[in-house]
Amino acid sequence: MLAGVYRAATSPAWLAYLAVVRARRWMYRRGVARAWNPPRPTLSVGNLLAGGTGKTPLVRWMCGELLKEGLAPAVLMRGYGSGRKAPLLLNVGAPAPPGAGGDEAALLAHALPAVPIVVCPSRRRGAEALLARRNVDVFVLDDGFQHLAVARDCDVVVIDVSRSHAASRLLPWGTLREPLPALLDAHVICATHGPEGEPLPRWLLATAHRFGIEIARARHRPTNPVRLADRAPLPAPPPDVPWLLLAGVGHPRALVQSLERAGHRFERCFFFPDHHAFTWGELAAIIAADPSACWMTTAKDAVRLAPMLEAANPTSRFLAERSYVVDVELEIIEGADALRGRMLAAVQG
């Protein structure tokens, strides 16, 4: 009953959203709306679903491949949660305050110390601010598939195959940002979070075949956990205590599955919204639930937890002594040559 009322109430919003996204992409395709052409070759990484699909690890992988080719990439990103209007340049000049560009920008800046990370709602202003200080060979747009105001030479779209895009509904009913035909503009699909050894969904293969899109397949590998306070590695074997998982990410189920495949087991999991700003009360309540436990959290969450170590209270001491951070690395297990070839062809023109 309530579901039917909700659908009826949101139907006009759904139709309006569908009309807007279709019209917007049509206008850019036909040149009615003009995109800015960056002065460097530009690669885009994006997705169709709201929420975590694995874009950030793919950006890291692509930048790493570009560096191996002797190229100088730079990442252009909005910087979710940074609240900034002016461009912020990370890994360029003096260090920025911790977390100034948001958790994902900080994560990329730490993982790619040789790569400028540019945070600005206007990718054009960010790119121009960077080029005024440093020359680069190629731009990588983070979360760029719907950012049509910037032209690109290669569109890589991340598809989380553990969630059915074909059956998903558009916002605000579901989490689909655009209808599937938007993939007509993609050059490569990178399939993530799929069960290893199983074929890709038929709808994905059919879509790629229909639009002539290359397919790569990737998996996420957790790194060895390190202590939040001092980056000391987790002892082997780990402490024989209950383990809790604390995470504010877009796709917690995929996170749990990847950690369990790596051998980690958790008594309880505490999930929060993506980019969540943890409060002292929340952390104290979790500690009170099991003071003997150790915690595991993600590298993205660690960006927001690390400043809390500076406080002198029992919660901060617990974080320092009993919290461990696990990162994820992307491994392309199928189609790496096709993806790399598309990237380099776009860069070389």
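The values are calculated or read from the model by the stated rules, or taken from the named source; none is laboratory data. It should be emphasised that the depicted structure is a prediction, and the values quoted were computed from it without experimental measurement. Positions of Cβ are backbone-derived with ideal geometry, glycine not excepted, and every protein chain shown enters the neighbour counts.
Selection of first residues in the range 178-196 that are within 10 Å of Val158 (Cα to Cα) and in contact (Cβ under 8 Å) with a residue 40 or more places away in the chain and of second residues that are surrounded by fewer than 19 Cβ atoms within 10 Å (Cβ to Cβ) and charged (D, E, K, R), restricted to Cβ pairs under 7 Å at least 6 apart or on distinct chains, gives the following pairs, ordered by first then second residue: Val188/Glu214. The set of residues in the range 69-119 that are within 14 Å of the chain's Cα centre (by Cα) and over 21 Å from Ser44 (Cα atoms) is empty. For the range 248-280, taking the residues that are under 23 Å from Leu49 (Cβ atoms) and of a type in the set (A, V, I, L, M), the one that is nearest to the chain's Cα centre (by Cα) is identified as Val249.
Applying the selection to the range 129-144, what residues are aliphatic (A, V, I, L, M), touching a residue at least 40 places away in the same chain (Cβ under 8 Å) and in a loop (DSSP other than H, G, I, E, B)? Answer for the range 129-144, where residues must be aliphatic (A, V, I, L, M), touching a residue at least 40 places away in the same chain (Cβ under 8 Å) and in a loop (DSSP other than H, G, I, E, B): just Val136. The requirement of being closer than 18 Å to Arg340 by Cα and surrounded by fewer than 18 Cβ atoms within 10 Å (Cβ to Cβ) is fulfilled somewhere in the range 58-66, by at least one residue. Candidates are the residues of the range 145-162 that are under 15 Å from Gly54 (Cβ atoms) and part of a loop (DSSP other than H, G, I, E, B); the one that is modelled with the highest pLDDT is Phe145.
Scanning the range 246-279 for residues that are among the aliphatic types (A, V, I, L, M) and under 17 Å from Val326 (Cα atoms), we see that the one that is modelled with the lowest pLDDT is Ala254.
Among the residues of the range 73-128, those identified as modelled with pLDDT of 95 or more and among the charged types (D, E, K, R) are Arg123, Arg124, Arg125, Glu128. Only one of the listed residues (Arg133, Arg210) is surrounded by fewer than 17 Cβ atoms within 10 Å (Cβ to Cβ) and either in contact with a strand residue (DSSP E or B) (Cβ under 8 Å, 6 or more places away or on another chain) or within 23 Å of Val59 (Cα to Cα) (or both). That residue is Arg133. Within the range 222-243, the only residue that satisfies the criterion of being crowded, with 17+ Cβ neighbours inside 10 Å and either at pLDDT below 90 or of a type in the set (Val, Ile, Thr) (or both) is Val226.
Within the option set Glu329, Glu282, being at pLDDT below 95, surrounded by fewer than 19 Cβ atoms within 10 Å (Cβ to Cβ) and not polar (S, T, N, Q) holds for one residue only, Glu329.
The number of residues in the range 28-55 that are assigned to a helix (DSSP H, G or I) and either touching a Leu at 6+ places or on another chain (Cβ under 7 Å) or surrounded by fewer than 14 Cβ atoms within 10 Å (Cβ to Cβ) (or both) comes to 3.
Checked against (1) of a type outside the set (Asp, Glu); (2) without any contact (Cβ under 8 Å) to a residue 12 or more places away in the chain; (3) more than 27 Å from Val32 (Cα to Cα), Arg210 passes all but a single condition, namely (3).
If you filter the range 56-112 down to residues that are in a loop (DSSP other than H, G, I, E, B) and in contact with a helix residue (DSSP H, G or I) (Cβ under 6 Å, 6 or more places away or on another chain), you find that the one that is farthest from Thr298 (Cα to Cα) is Pro87.
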